[in-house]
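Taking it in order: structure first as structure tokens, then the write-up.
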Amino acid sequence: MNNFFGKSFVSVDQLIISDVNLLFQKAGQMKELAVKSGGDDRLKGKIMAALFYEPSSRTFSSFITSMQRLGGGIIPLNGMGVTSAAKGETPEDTAVVFSSYADIIVIRHNTPGTALLFSRYAKVPVINAGDGTGEHPTQALLDVFTIKNHFPSFAPLTVGLVGDLLNGRTVHSLSKLLAKVGVKKFAFISPAQLRMPQEIVKAVKNAGAVITEQENLSDIIADLDVIYNTRVQKERFTDLEKYEKFKFAYVIDKKLMGKAKKTAVLMHPLPRVGEISPEVDSDPRALYLREQMKNGMYVRMALLDLILRK
Ligand code: NCD
């Protein structure tokens, strides 16, 4: 049963396990297709508008290439400064405008809740590609898909989320989705001022998981199966002195990885701005510059296909 068909996707809260399984099965097929022949024409005649009000490299480009690999067309707006948004057009109106031209809208915005707002006004499905400090549900899907490919099951894993857990939308979506698929143990590692928002902590606990919260990574790294490091989100700070204080709170280097399990994986949604030193990149446990990114494309190809075709 394809629950994605014709619907917007704005939060991981919408997903049930069978949706995740269906999407991952499809993502696996997309990987085979892309490797074998680059893609096909199944979305011919469909158009995707990508409306990115905030900077993006991976999310934007992987949505664009996903649509193109499946034969669809694109309205690629990476930066809305060249559109009527710069004249003051509201997101509500912009949603209606692009619904007249596109069959699906992908939106990134700096205000939490804007993807949901967009979906209420748009006449076509809307995908949330990151709404401020809110959620980044497609990143969570690609991260969980990546983890799934490395471990036989989720239940025994201890997942460590590291960095700016307060402002980082990736870790908000990821922790909720991992709890949903059956991860039982989380370590939330952040400076005291950048702790995970209480509503996320509550949601993860309600899904049956146990959480420890701490500031020190070195003390706990040996217990982690998944080490997920994140950037301190500079653009969310009004006080840049505070940002400077936290920006290098966690720098993962060779020495620290020496304490981690041999079977652990090290992930990062990217961009990194110093949280993982380049000397770690060649460590076989480091997935961020390798499959984690590629999986983003397969997962987004799968999502577009499931939303646009019955
Ligand atoms: C993340 C984002 O935009 O939230 N980037 C991404 O989509 N891979 C992470 C970040 O910017 O720190």
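No value in this document is a laboratory result; all are computed from the given coordinates. Predicted model only: the values in this text are computed from it and were never measured. Counting neighbours? That spans all protein chains shown, and the Cβs are built from the backbone with ideal geometry, glycine included.
Numbers at a glance
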read-out	value
nm² value of the averaged projected area, convex hull over the Cα atoms of the range 1-64	5.7 nm²
Average silhouette area of the chain, convex hull of alpha-carbon atoms, in square nanometres	15.5 nm²
Chain lengthening between N3 and S153 when straightened (0.36 nm per residue, less Cα-Cα)	51.6 nm
Candidate aspartates and glutamates - alpha carbon under 15 Å from K184, same-chain residues fewer than 8 apart omitted	E213, D223, D225
Principal-axis tilt of helix 291-308 within the chain, Cα atoms, nearest 10 degrees	30 degrees
With Cα atoms, 0 to 90° folded angle of helix 58-69 axis to the chain main axis	40 degrees
Neighbour cut-off at most 14 other Cβ (10 Å), DSSP loop, trypsin sites (Lys or Arg not before Pro), the range 41-93	K44
Cα principal axis extents for the range 233-274, largest first, Å	40, 19, 11
DSSP beta bridge pairing in the chain, given as percent antiparallel to the nearest 5	0 percent
GNM top mover of A187, A179, A34 - the chain, alpha-carbon springs below 10 Å	A34
Dimensions in Å of the range 154-310 - Rg and Dmax from alpha carbons	15.8, 51
D (Stokes-Einstein, µm²/s), Kirkwood Cα radius, the range 178-223, 1.567 mPa s at 4 °C	116 µm²/s
Separation of alpha-carbon centers, the range 38-88 and the range 221-260, rounded to whole Å	31 Å
Rg/Rg_ref, the range 49-185, where Rg_ref = 2.2 N^0.38 Å and atoms are Cα	1.15
Only Lys, Arg (+1) and Asp, Glu (-1) charged, at Cβ; the chain dipole about Cα centre in debye	720 debye
Longest DSSP-loop-exposure-free segment, chymotrypsin sites (Phe, Trp or Tyr not before Pro), the chain, at most 14 other Cβ within 10 Å	102-247
Dipole axis of the chain (+1 Lys, Arg; -1 Asp, Glu on Cβ), positive-most option in L166, N110, L33	L33
Folded to 0 to 90 degrees: helix 137-148 orientation relative to the chain principal axis, Cα	50 degrees
For H150, net neighbour charge (Lys/Arg +1, Asp/Glu -1) across residues whose Cβ lies under 13 Å away	+2
